[in-house]
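The values are calculated or read from the model by the stated rules, or taken from the named source; none is laboratory data. Given the structure is predicted, the values throughout are model-derived calculations rather than measurements. Every residue, glycine as well, gets a Cβ built from its backbone with ideal geometry; the counts of neighbours run over all protein chains shown. Keep in mind that these areas ignore ligands, DNA and RNA; they rest on the heavy atoms of the full protein, side chains included. Shrake-Rupley method; radii C 1.70, N 1.55, O 1.52, S 1.80 Å.
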Amino acid sequence: MTTQTPSKPAREPGLITQAITGFGQGLIDVVSTLGGIITMGLAVFRWSVRRPYRLANLFGQLDFVGVGSIFIVSLTGTFTGMVFALQTSTAFQLFDAESLVGPTVALTLTRELAAVFSALMVTMRAGSAMCTELGTMRVTEQVDALETMAVNPVQYLLVPRVLAGLFMVPALTMLFNTTGMGGAYVVAVGGLGISPGTFLSRTQQWLAPEDIFQGLLKGAVFGLAVSLICCFKGFNASGGAKGVGQATTEAMVASALSIFILDFILGVLFF
């Protein structure tokens, strides 16, 4: 009489295997998402130069992204300039170099902070709304209805939003520069007793047009990246209300990360 040996249970994958699998799957998702965003960007560029030009949609998005963000960007810029002037003056007092507060704040705002913070404000306010609106239209089949009526959804929905991000974030960056320097002037001259002439002359001495141009170019790149990411996540949302919420969360995280990554890359190129 033969006896059967009991079969051994299947071994569960180890922690290292799970970690490698998770890393590989995450890398595949990132590459797939990046490819989808680039493909959507090319489609948006192609449809932006084709008739009919939907100027009403474009101006509506320019108003929503740009004009609607004036208050939050101005408020953020003012207090950023005030805080930065206060902190830098504390450090410069150790070396009797308070006259450098103005140019230090100006260079930091124009090169880095204005573009980054403006793009973040647009991401939180307008980008989330873009993603949620497009995601809702996708899960409720409104996008399919546009295709049924022979209206291209990329041209009708995405082109105005992407162009609004591309054009308005640099404008908001310039507004951030203005309000930030105004806040720094109030703190430096009114609170710290720095001479107004010294503040303005030193700023004019050290600030160059290339510094402002660098910030505006960064703002354009950030605005394009944020609008493309938010539109891509919302346009491809699925799974009802829960899926729209998840897409919006992913869009906010990806947009913030892309701003900082692109800021470093552009900073290296401009260095």
(Q) Taking the Cα centroid of the range 181-236 and of the range 244-264, what is the distance between the two, rounded to the nearest whole Å? (A) 22 Å
Q.
At 24 angstrom or more along the helix axis (alpha-carbon based) and mean Kyte-Doolittle of 0.5 or higher, what helices does the chain contain? Whole DSSP H runs only.
A. 15-48, 70-92, 159-185, 209-235, 240-270
Q.
Report the Cα centroid-to-centroid distance between the range 33-69 and the range 118-178 in angstrom, as an integer.
A. 7 Å
(Q) Test of understanding: in a Gaussian network model of the chain with alpha carbons linked when under 10 Å, which of ALA91, ALA43, ALA129 would top the mean-square fluctuation ranking? (A) ALA91
Q.
Using the crude model of +1 on Lys and Arg Cβ and -1 on Asp and Glu Cβ, and no other charge, please compute the dipole size for the range 37-182 relative to its Cα centre, in debye to 20.
A. 480 debye
Q: State in Å² the accessible area per residue of the chain; use a 1.4 Å probe, count heavy atoms of protein chains only, and round to the nearest integer.
A: 56 Å²
(Q) For the chain, set up a GNM with springs between Cα atoms under 10 Å and report which of GLY77, GLY215, GLY240 has the largest fluctuation. (A) GLY240
Q) Say we join alpha carbon atoms closer than 10 Å with springs in a Gaussian network model of the chain; which of ILE37, ILE259, ILE20 then has the biggest fluctuation? A) ILE20
Q: Might you work out the accessible area of PHE59 for me, using a 1.4 Å probe with all protein chains in place, and round it to the nearest 10 Å²?
A: 130 Å²
(Q) Given Cβ point charges of +1 (Lys, Arg) and -1 (Asp, Glu) and nothing else, what value in debye, to the nearest 20, does the dipole of the chain about its Cα centre take? (A) 520 debye
Q) Given labels modelled 7 Å from the Cα in the Cβ direction, how far is it in nm from THR148 to VAL268? A) 4.9 nm
(Q) Could you compute Rg(Cα) / (2.2 N^0.38 Å) for the range 59-270, with N its residue count? (A) 1.19
